[in-house]
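The values are calculated or read from the model by the stated rules, or taken from the named source; none is laboratory data. Nothing here was measured: the structure is a model prediction, and the numbers come from that model. Cβ sites come from the backbone with ideal geometry, for glycine too, and all protein chains shown count toward neighbours.
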Amino acid sequence: METQELLRPVAKVAGKVKTLGIVVLLLGIVALLAPNFTGMSISVLVGFILLLSGIGRTLFAWLSLGWGSTLLKAFMGIITCLAGGYMIFNPDQGARALAIVLTFYLFVDGIGAMVFAARLPPVAGGAWMMVGALASVLAGIFMWMQWPASGDLAVGLLIGIKLCIDGIELIGIGKTAEELAGS
C-alpha cells in the first residue's frame with residue numbers, strides 16, 4: 001500500500017489531529033507541573049467512580065430480587081463502595097495500587113503500538129508511533145523498577161510524560177499527513 005494512500009484518511013482530518021495533539025501535550029505539561037496533585041487526583045477520581053459504581057451495584061441487588069442471590073449482589077456492591085471510599089480517603093495507597101495498573105498499561109500499550117507502528121512505513125507516521133511506543137514501554141519498565149517507592153508522584157509524572165509523548169506523536173502524524181497529502 002502506498003504511503004499517500006495509507007495517510008488519506010488522516011490527511012482529511014490532519015488539522016484536527018494536530019489540534020488534538022496540542023491539547024494532549026498541554027494536558028501532559030499540566031500533569032508534569034503538578035505531579036503529586038495529578039497522581040492524587042487520579043486516585044480520588046477512581047475512588048469516586050468505584051463508590052458510585054458500588055452504590056449502583058447495591059441498588060441493583062435490591063431492584064433485581066429473584067434474579068440470583070440478593071445478599072451476594074449487595075455484598076459485591078458494598079465491597080466496591082468500600083474500595084472506592086478507601087481510595088478517596090487514602091489516595092496515597094490508592095496511587096500505589098494505580099501504579100501497578102499503570103505499569104501494566106504502559107507496557108502493554110507500548111507493545112501494542114510497536115506492533116501497529118511496525119506495519120506502517122516510517123514516512124507515514126510509523127516512526128512517530130514507534131518513538132511513542134518505545135517511550136511507553138520504557139516508562140512501564142521504569143515504573144516497574146520503582147514501584148514500591150512510587151505513588152502519586154510517579155503516577156502523576158508518568159501520566160504527564162505519556163500525555164506529552166502522545167501529544168507530540170499526534171502532532172507529528174498530523175504534520176506528516178498534511179505534507180504527504182499536499183505533494
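The single residue among G156, G140 that is over 16 Å from A31 (Cβ atoms), within 19 Å of the chain's Cα centre (by Cα), small (G, A, S) and crowded, with 22+ Cβ neighbours inside 10 Å turns out to be G140. Identify the single condition in (1) outside any helix (DSSP H, G or I); (2) under 30 Å from T58 (Cα atoms) that M87 does not satisfy, given that it satisfies every other one. Evaluating M87 over (1) outside any helix (DSSP H, G or I); (2) under 30 Å from T58 (Cα atoms) leaves (1) as the failure. Could you please let me know if L65 is at pLDDT below 95, of a type in the set (A, V, I, L, M, F, W, C) and surrounded by fewer than 14 Cβ atoms within 10 Å (Cβ to Cβ)? When the stated conditions are applied, L65 passes them. Residues of region 138-173 that are touching a Leu at 6+ places or on another chain (Cβ under 8 Å) and more than 25 Å from G94 (Cβ to Cβ): G167, I168, L170, I171.
Contact map, region 95-116: residues that are farther than 24 Å from V44 by Cα and touching a residue at least 24 places away in the same chain (Cβ under 8 Å) paired with residues that are aliphatic (A, V, I, L, M) and buried (at least 17 other Cβ atoms within 10 Å of the Cβ), Cβ distance under 6 Å, separation 6+ or inter-chain. Pairs shown: G110/A133; G110/V137.
Only one of these is closer than 14 Å to L157 by Cβ, part of a helix (DSSP H, G or I) and at pLDDT 95 or above: I29, I42. Name it. Every option except I29 fails the conditions.
Within region 71-106, track down each residue that is surrounded by 19 or more Cβ atoms within 10 Å (Cβ to Cβ) and under 21 Å from the mean Cα position of the chain (by Cα). Hits for region 71-106 are G84, M87, P91, G94, A95, R96, L98, A99, L102, T103, L106. Which residue is modelled with the lowest pLDDT, if the candidates are limited to region 159-183 and must be among the hydrophobic types (A, V, I, L, M, F, W, C) and over 20 Å from the mean Cα position of the chain (by Cα)? Selected residue: A181.
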